[in-house]
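Just below is one structure, and these are the notes that go with it.
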Amino acid sequence: MAIELTTLPLPASADPSKFANFGREVKGVDPGNLTPEQFEEVKDALYKHDALLFRNAQLSPEQQYALTKAFDPASESYGHGNHKTGSTKKSILHPDLKTIPRVPQVQLIGNGLVTNYEGLESAQLKHPSHHTFHKTQVSPEDEANGVTRFYRWHIDAALYDLSPPRVTTLYGIKVPKGEHQVVRYDDGTGDELPVPLGTTAFVSGRTMFDILPSELKSFAVRTKVRYAPHPYVWMAPARALPTGLGIENDGLELPLNEVPEWSEDKIMTLPILWKNPVTGELHFQVHPCGAHELLVDPIPAGAKREGALYPDGAHIKDLKEVRSLLYKMQRPAIAPQLVYPHDWEERDLVLFHNRGVLHTVVGAFKPDQVRAFHQCNLAASDIPKGPSEEDVKRWA
């Protein structure tokens, strides 16, 4: 039986013209027991639409791991390395993840105290809050009135040693209900976005590239990002911008000689643009918080140089300049009309193309609000493919 795809319900804030190909709900199949033919349809749909929703899914941790692994059968370990985030206590990820013992590739995330659960006697879950990561915070008065922020726009990836996962699966077990909140960007634009409590927000990397002006498209198609070694440890002392889209330039990052032992050959240098394996389109896929340097190729012979950024190429090491350039390119794509904030229901399963979208945790919970999700992504068996020679000729 062929799978059935329907469009996702968009919030009133979204621009429907920018979501024509983004997101689909999959109906009529059991995601934990897909036939090989159904899985191929699901895989094709995911790469075409970047996010898939299954309602009322019944999915064990073993089934979730198997489904995630099917997208990359040669992958095995959790995207940040099994047990690595938990043991690296300096990592900014350390408080957020609890490993399910019998399936270490699946993480328990959420908020509140969970007991006698999937082999865990007790797990105190902590929903990431902008209060612990942003330089500035929403006031207690505003927060009491429902004002909140994006936490950290990112790709699920270790960004050191391990290749970025192809797919992430998120499964809502316990979803507390409450009043909607309002994301305030607090960056001088006045931008705000109404969101459901505890939403996961997504933006399309495809759209992020498509809306760039020509000179920034040229820069993006010629540029690679070199990430910091052990970036989540490196960034931990620093503080983020109020949009959650990168780090403030206060020089608080851990000096590289104080970062845990690292080697040059394990540092990730990845293209700004990642090529979709099904559509061939380019997705702007950069984790702005971990970016350390930019390597820019020169304009190809015969291409127009007028107005081009760094037409002769460059190796940009100044962190402030690196961040400024990335922010200039990424900020337009998180405008309220381009964000899809998923309104979670219990037993929702969301698959997203981790090499095609950026996402973020949003909002804040009270300590007694219990939220429990299963998350799985696997360090990929390959690195993302960047622009082809034809892409460079077209856009540079």
Cα centre as origin, Lys/Arg/Asp/Glu Cβ charges: the chain dipole, Debye:
240 debye
Let's test the formula: R0 of 51 Å, r as the Cβ-Cβ distance of residue 116 and residue 312. What FRET efficiency results, to the nearest 0.05?
0.25
Karplus 3J(HN,Hα) series, Hz, for the range 252-257 with 6.51 cos²θ - 1.76 cosθ + 1.60 (x for Gly, Pro)
8, 4, 5, x, 4, 7
Karplus (6.51, -1.76, 1.60) ³J(HN,Hα), θ = phi - 60°, over the range 159-168, in Hz, Gly and Pro reported as x:
6, 8, 6, 9, 7, x, x, 6, 9, 10
Using 7 Å Cα-to-Cβ label points, what is the residue 62/residue 347 separation (nm, one decimal)?
2.1 nm
So if I average 1/r over every pair of distinct C-alpha atoms in the range 94-250 and take the inverse, what Kirkwood radius in Å does that give?
18.3 Å
For residue 163, the residues 5 or more places away or on another chain with a placed amide H closer than 5 Å to its own amide H are 380
Residue 248 long-range amide H proximity, modeled H, under 5 Å:
239, 240, 241
Semi-axes of the equivalent ellipsoid for the chain, Cα gyration tensor, largest first, Å:
31, 25, 22
Going down the list 135/304; 217/317; 43/98; 69/328, which pairs span over 32 Å between their C-alpha atoms?
135/304; 69/328
Enumerate the amide H contacts of residue 7 below 5 Å, restricted to partners 5 or more residues apart or on another chain; note that Pro and chain-start residues carry no placed amide H.
25
Under the rule of -39500 (n - 2.57) per DSSP H run of 4 or more residues, summed and divided by the residues of the chain, what mean residue ellipticity at 222 nm is obtained, to the nearest 500 deg cm²/dmol?
-4500 deg cm²/dmol
Cβ crowding within 10 Å averaged over residues, with 153-165, 105-117 ranked highest first:
153-165, 105-117
If you take every residue apart from residue 241 with its C-beta less than 12 Å away from the C-beta of residue 241, what net charge results, scoring Lys and Arg +1 and Asp and Glu -1?
+2
I'd like the projected area of the range 160-269, averaged over all directions, using the convex hull of its alpha carbons. Report it in nm² with one decimal.
10.5 nm²
Explain nothing, just the number: relative contact order of the chain, from Cα pairs under 8 Å at least 6 residues apart, as a whole percent.
29 percent
Net charge (Lys, Arg +1; Asp, Glu -1) of residues whose beta-carbon lies under 10 Å from that of residue 133, residue 133 excluded, is +4
Net charge near residue 174: determine it from the other residues with C-beta under 13 Å of the C-beta of residue 174, scoring Lys and Arg +1 and Asp and Glu -1.
-2
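Laboratory data are not the source of any read-out in this text; all were calculated from the coordinates shown. No experiment lies behind these values; they were computed from the predicted model shown. Please note: Cβ atoms are built from the backbone with ideal geometry, for glycine as well, and neighbour counts cover all protein chains shown.
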